[in-house]
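*Asks:* What follows is a single structure, and I will ask about it in a moment.
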Amino acid sequence: MNPTIQRILSKAVDGGRLSVEEGVALFETHDLHALGRAAHAVTQRLHPEPYRTYNIDRNINYTNVCAAVCDFCAFYRKSSDADAYVLPREELYQKIEETIALGGDQILMQGGMHPNLKLEWYEELLRDLRERFPQVNLHAFSPPEIVNFARVNKLPMRTVLERLKAAGMGSLPGGGGEILVDRVRKILTKGKALTDEWLEASRVWHQLGGKSTCTMMFGHIETLAERIEHLDRLRQLQDETGGFTAFICWTMQPGHKMADAPAQGAFEYLRTQAIARLYLDNIPNIQSSWVTQGAKIGQIALFYGANDMGSLMIEENVVASAGTVHYLTLEQIKSSIREAGYIPRQRNVFYEYLDTPEGERLLPPMPPSPPKPREVEMGRSLPVVS
């Protein structure tokens with residue numbers, strides 16, 4: 001192996017912070033096993049416990065109407081399209097009831113950036129769902145949606161997030177990140193949050209005491225250096241706020257407007273996730289993306305930096321619209337973790353255990369009031385990197 005690469009990997013394993021140049025250098029090696037060994041060593045240092053986790057939630061797309069145009073998205077519709085929708089409230093209730101029946105504690109509720117719905121509509125929705133389902137965390141909207149709410153309502157982003165939090169929003173998903181480099185975003189999307197806007201929505205949410213996840217969709221027009229730039233922007237914000245609980249990356253799923261883009265396979269996925277684990281020294285958790293990669297690669301990802309199998313994903317529409325459909329049952333997720341040599345544990349979005357190692361439920365999934373992650377104790381919490 002190149003001595004420079006070996007030095008960089010050893011530095012990361014020992015807890016050193018990688019520079020941008022060192023991160024880019026890691027993409028110059030094709031020694032996937034070396035990257036995996038180093039990433040796994042970092043994961044074992046951060047998570048020496050014998051558990052690997054999963055959660056049970058449902059991705060509900062409350063609308064597919066979106067004012068933005070993203071070249072990679074097969075899901076969005078214009079308001080005038082025949083199949084454009086805003087879900088009726090009764091249908092939302094039914095989906096949440098089904099999720100609770102399956103042991104779920106959370107709803108991942110995202111939509112398009114609707115050009116007409118006012119902030120009061122979202123506040124009323126959150127209050128209604130919180131009142132009806134107090135045990136369910138509303139992991140709602142995404143940074144680009146928050147930016148859109150502020151634009152449509154001509155309000156400061158902080159005001160928007162304060163009002164949403166007061167109405168019952170429990171945590172912020174990290175969707176819509178793609179690559180946090182404006183050169184890429186301006187080519188791929190129109191009418192969508194640029195890099196600083198995405199980061200500012202997350203920053204303000206964290207300043208209000210909220211927690212969120214962060215993501216990266218790669219394998220389209222970005223350079224390898226721009227992947228590191230994306231990771232570096234996340235790491236900088238995490239240094240500032242400490243609000244990200246987990247990072248999730250996945251490959252773009254070609255098959256719509258970008259059908260000519262070369263498909264990125266398991267090698268590129270595992271390589272990128274491993275480098276992310278080595279670079280993001282201050283984000284405690286990495287989720288495997290079996291939804292896009294399939295069960296076996298999702299399991300192997302546990303040895304390439306991931307400590308979490310992500311969600312049971314009772315419902316998923318956006319990735320499926322692009323032609324990629326992987327489904328696992330709860331038992332298959334648990335079996336994947338066991339086969340990898342770990343004990344499966346159910347957790348919530350704040351990475352607090354919801355069960356015992358024997359699978360017995362500890363406490364109801366969420367408190368009846370909007371969650372305050374650092375004040376709510378829910379069984380034993382996972383280690384958190386300070």
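The values are calculated or read from the model by the stated rules, or taken from the named source; none is laboratory data. These numbers were taken from a predicted model, which means no experiment stands behind them. Virtual Cβ from ideal backbone geometry, glycine too; neighbours counted across all protein chains shown.
*Asks:* If I ask for residues that are modelled with pLDDT of 95 or more, in contact with a strand residue (DSSP E or B) (Cβ under 8 Å, 6 or more places away or on another chain) and either among the β-branched types (Val, Ile, Thr) or not in a strand (DSSP E or B) (or both), which ones from the range 238-252 would you list?
*Replies:* Gln238, Gly243, Thr245, Ile248
*Asks:* If you go through the range 149-170, how many residues are without any contact (Cβ under 8 Å) to a residue 12 or more places away in the chain, outside any loop (DSSP other than H, G, I, E, B) and closer than 18 Å to Asn116 by Cβ?
*Replies:* Counting residues in the range 149-170 that are without any contact (Cβ under 8 Å) to a residue 12 or more places away in the chain, outside any loop (DSSP other than H, G, I, E, B) and closer than 18 Å to Asn116 by Cβ gives 2.
*Asks:* Would you pick out the residues in the range 171-196 that are within 18 Å of Arg151 (Cα to Cα), of a type in the set (D, E, K, R) and in a loop (DSSP other than H, G, I, E, B)?
*Replies:* Result: Lys192, single match.
*Asks:* Are there any pairs with C-beta distances below 8 angstrom linking a residue in the range 127-148 that is under 21 Å from Cys214 (Cα atoms) and surrounded by fewer than 24 Cβ atoms within 10 Å (Cβ to Cβ) to a residue that is among the aromatic types (Phe, Trp, Tyr) and at pLDDT 95 or above, with the two at least 6 apart or on different chains, and if so which?
*Replies:* Val147/Trp198
*Asks:* So which residues in the range 111-149 are within 20 Å of Phe244 (Cβ to Cβ) and touching a His at 6+ places or on another chain (Cβ under 9 Å)?
*Replies:* Glu145
*Asks:* Do you know which residues across the range 165-179 are within 17 Å of Phe133 (Cβ to Cβ) and either within 9 Å of the chain's Cα centre (by Cα) or of a type in the set (S, T, N, Q) (or both)?
*Replies:* Within the range 165-179, Ser171 is the sole residue that qualifies.
*Asks:* Considering only residues that are crowded, with 22+ Cβ neighbours inside 10 Å, in a helix (DSSP H, G or I) and of a type in the set (S, T, N, Q), which ones fall in the range 197-237?
*Replies:* Passing the criteria: only Ser202.
*Asks:* If you don't mind, another one. Return the residues of the range 208-233 that are in contact with a helix residue (DSSP H, G or I) (Cβ under 8 Å, 6 or more places away or on another chain) and hydrophobic (A, V, I, L, M, F, W, C); say none if nothing qualifies.
*Replies:* Listed by number, the residues that qualify are Leu208, Cys214, Met216, Phe218, Ile221, Leu224, Ala225, Ile228, Leu231.
*Asks:* Also: Would you tally the residues in the range 9-47 being acidic (Asp, Glu) and on the phi > 0 side of the Ramachandran plot?
*Replies:* Of all residues in the range 9-47, those acidic (Asp, Glu) come to 14, 21-22, 28, 31.
If we keep only those that are on the phi > 0 side of the Ramachandran plot as well, we get none.
Number of matching residues: 0.
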